[in-house]
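The values are calculated or read from the model by the stated rules, or taken from the named source; none is laboratory data. This one's a predicted model, so the numbers in the text were calculated from it and none came from an experiment. Cβ coordinates were reconstructed from backbone atoms using ideal geometry, including for glycine residues, and neighbour counts include every protein chain displayed.
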Amino acid sequence: MSAKSRLVMGAAAFFLLWLLLTTLYTVSEVQQALIVRLGAPIGVVNEPGLKFKLPLVDSVIFYDRRLLTLEPAVEQVILGDQKRIEVRTYTRYRITDPLRFYTAVRTVELAEPQLAQLVSSSLRRELGQVALPSLLSEQRSNIVELIQREVADKAKDVGIEVVEVRFHRADLPLETSQAIYDRMTSERQREAKELRAQGFEWAQEIQAKADRERTVILSEAQRQAKITHGTADAEANQILSSAFGKDPQFYKLYRTLQTYRQALANAGPTIVLSPDTEFLRYFKTGPGTLTKH
Amino acid sequence: MSPNSGEDLPNPAPAIESPTRAAEISQWLNSYIHLFGLRGKGTALILGLLAVAWISAGIYKVQPDEQGVVLLFGKWVDTTSSGLHYHLPYPFETVLLPKVTQVNQLQLGTPRLAATDTIADVSHERQMLTGDENIVEADCAVSWRIKDAGKFLFKVNNPEAALKIVAESALREIISRTPIQAAMSDKRQQVAEQTRALLQALLDKSDSGILVTQVQLQRVDPPGVVIDAFNDVQRARADQERTRNEAEAYANDIIPRARGEASHIGQESEAYKSQVINLAEGDAKSFQLIYASYAADKDVTAWRLYLESVDEMLKKATKVIIDTSGKGITGIVPYMPLAERDKPEAAKEPAK
């Protein structure tokens, strides 16, 4: 092989390589490509794989095909009830129309501030009409839905499909936190006081009930005891009177004699006796009268 | 596939390529050594060895917890399961090896540390509003795994970062519907479950290919400045319980005692009853017996009984007998030796 033909072959090989490198390009699974011919966008490649383009005149701009997340900084929003809250939103979107996207905003870096602006203005408009309590309820998702629809509508013009706009967080700003803390503290104090007082209430109730029960138990017992005493006395009277009733005369005598014998005698009495008593009759007269008697 | 787009993809691909590249380089070195030994046929040999190295670079292994996703010029053409596989070597085909069975943990509530954040900001960052306009600080852990490798790799840009944002948003939304007391105590499980459901719904809506296996609510606390007040509520609850227990102890103490006392009173009265009746019966019986004996001879028994008692009485008595034949005790004042009353023994002597 001559040196010249080698040179030609080498040049041809280089040319072929250059041609390959400039006409072939790959679009990956996560990408989509926009073909720009001499500055004018002419077509979109959606299918991933190995692709061809014209050398020199065509250039390829790749866009992400996946879902992208935009998370702008926290912003303060005034609600319908004049309360201020700090809202941080996030927006998930994808580029669905690279052609429109290219003509409208060109790059993702440039598109994001615009999208953030859209979200922000929509957010302010919607939240300006609702009060805080409705934001802290099931209604939140409806509000978010509204914002999302608005943003999605407008973003369509720049070739962006907005899949989701949501609140990452919605909080009261730091400055109002203290007021909330104070309220929380006072609420807890109220609760604690109530709990303690309720404990006292219960205790009083239980103690008083116990005291009452004790009094009732004792007085019932005493009532029963009194009744029993009465019954016993009545029964005793019954027994005695039925026994003594047979001969009241004799009972009087017998019982009187018992008193003389026991109570009177045990007292060690001084007795003044009249000799006229039947008892002293013999003492006075002697046994003489016995026959007469 | 251009090197540019390769950087956009999640990292498993380079991990598998590096060992095969090392093999490629050693093959190169070997081929140079052979080149010096075998002059002449060298070029063909080098080319041959290079070709072998290049072709063998397509062998790859899929671990049991992985899935092989094969890309031909960036286009997803095949999904392989665990084992040894072959793909066309670079630059035709590449393989991604996402770990599909591995359960990953994502910790929420750890504050984003930016240089400008103050401590108050950090604390503020993890706080969230509850349904009754209170503030809590909540942490939770999300367990997730890849449900659909294709979606996970190709549908969402940076799925893990997105997951974190969506999870935080879901947790905050659920907390914002729940009153503070419920979120801190009895509804915790419910909050976690609702968060999981909402998170999964949001992930499915955006085709993330992620399955949330569990959301665990770890810490739901009131903010530091008010925690004392919350603790005091707990203490108050304990105090309440204690006061009640003390009262119950008091009740438990006095009521059985009262019952005991009542039973004592009852027994006592029963005893009294028995006693009185027994005595009465005894009296009655004894009277009846005496009456029976009296009835046999009334006069004598009556006199005997009378005299017996007079006996008894006079035995113990200090006696003064005044014989007033002139009827009555008028005229003279009877002397009563009251001083001797205390000595009946001495007084008795002259009487007998």
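Criterion applied to A:ASP157, A:ASP182 was being in a helix (DSSP H, G or I) and either in contact with a His (Cβ under 7 Å, 6 or more places away or on another chain) or not assigned by TED's automatic domain parsing to the domain that holds A:TYR93 (or both), and the one residue passing it is A:ASP182. Picking from residues in the range B:203-230 that are among the hydrophobic types (A, V, I, L, M, F, W, C) and at the interface with another protein chain (Cβ under 10 Å from one of its Cβ atoms), the one that is farthest from the chain's Cα centre (by Cα) is B:VAL225.
Taking the criterion of being facing chain A (nearest Cβ under 7 Å) and basic (Lys, Arg), the residues of the range B:236-259 that qualify are B:ARG237, B:ARG244, B:ARG259.
Output the number of residues of the range A:178-202 satisfying the condition of being farther than 17 Å from B:GLU241 by Cα and more than 7 Å from chain B (Cβ to nearest Cβ).
7
Elements of the type helices (runs of 4 or more DSSP H) sitting completely within the range A:193-293 and holding at least 1 residues that are in contact with a Pro (Cβ under 8 Å, 6 or more places away or on another chain) and either modelled with pLDDT under 90 or surrounded by 13 or more Cβ atoms within 10 Å (Cβ to Cβ) (or both): these cover A:281-285.
Would you call B:LEU279 facing chain A (nearest Cβ under 8 Å), surrounded by 16 or more Cβ atoms within 10 Å (Cβ to Cβ) and in a helix (DSSP H, G or I)?
Numbers: facing chain A (nearest Cβ under 8 Å): yes; surrounded by 16 or more Cβ atoms within 10 Å (Cβ to Cβ): no; in a helix (DSSP H, G or I): yes.
So B:LEU279 does not fit the description; no.
To keep it simple, each residue is scored yes or no on (1) touching a residue at least 12 places away in the same chain (Cβ under 8 Å); (2) under 30 Å from B:GLN127 (Cβ atoms); (3) surrounded by fewer than 16 Cβ atoms within 10 Å (Cβ to Cβ).
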| position | (1), (2), (3) |
| --- | --- |
| A:MET9 | no, no, yes |
| A:ALA13 | no, no, yes |
| A:LEU20 | no, no, yes |
| A:LEU24 | yes, no, yes |
| A:VAL30 | yes, no, no |
| A:ARG37 | yes, no, yes |
| A:LYS53 | yes, no, no |
| A:ARG66 | yes, no, no |
| A:PRO98 | yes, no, no |
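To keep it simple, each residue is scored yes or no on (1) in contact (Cβ under 8 Å) with a residue 12 or more places away in the chain; (2) charged (D, E, K, R); (3) out of contact with any Phe, Trp or Tyr (no Cβ under 9 Å at 6 or more places or on another chain).
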{"position": "B:LEU171", "(1), (2), (3)": "yes, no, yes"}
{"position": "B:ASP186", "(1), (2), (3)": "no, yes, yes"}
{"position": "B:SER206", "(1), (2), (3)": "yes, no, yes"}
{"position": "B:ASP239", "(1), (2), (3)": "no, yes, yes"}
{"position": "B:GLN275", "(1), (2), (3)": "no, no, yes"}
{"position": "B:ASN278", "(1), (2), (3)": "no, no, yes"}
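Of B:THR110, B:THR130, B:THR116, all but one fail to be under 36 Å from the mean Cα position of the chain (by Cα), hydroxyl-bearing (Ser, Thr, Tyr), modelled with pLDDT under 85 and in the same structural domain as B:GLN214 (by TED's automatic domain parsing); the exception is B:THR110.
Conditions tested, residue by residue: (1) outside the structural domain of A:VAL165 (by TED's automatic domain parsing); (2) within 54 Å of the chain's Cα centre (by Cα); (3) assigned to a loop (DSSP other than H, G, I, E, B).
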residue: A:LYS4; (1), (2), (3): yes, no, no
residue: A:GLY10; (1), (2), (3): yes, no, no
residue: A:PRO41; (1), (2), (3): yes, no, no
residue: A:LYS51; (1), (2), (3): yes, no, no
residue: A:PRO72; (1), (2), (3): no, yes, yes
residue: A:ASP81; (1), (2), (3): no, yes, yes
residue: A:THR91; (1), (2), (3): no, yes, no
residue: A:ALA111; (1), (2), (3): no, yes, no
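Is one or more of the residues making up the range A:159-171 of a type in the set (A, V, I, L, M) and exposed (fewer than 14 other Cβ atoms within 10 Å of the Cβ)? Scanning the range A:159-171 turns up no residue that is of a type in the set (A, V, I, L, M) and exposed (fewer than 14 other Cβ atoms within 10 Å of the Cβ).
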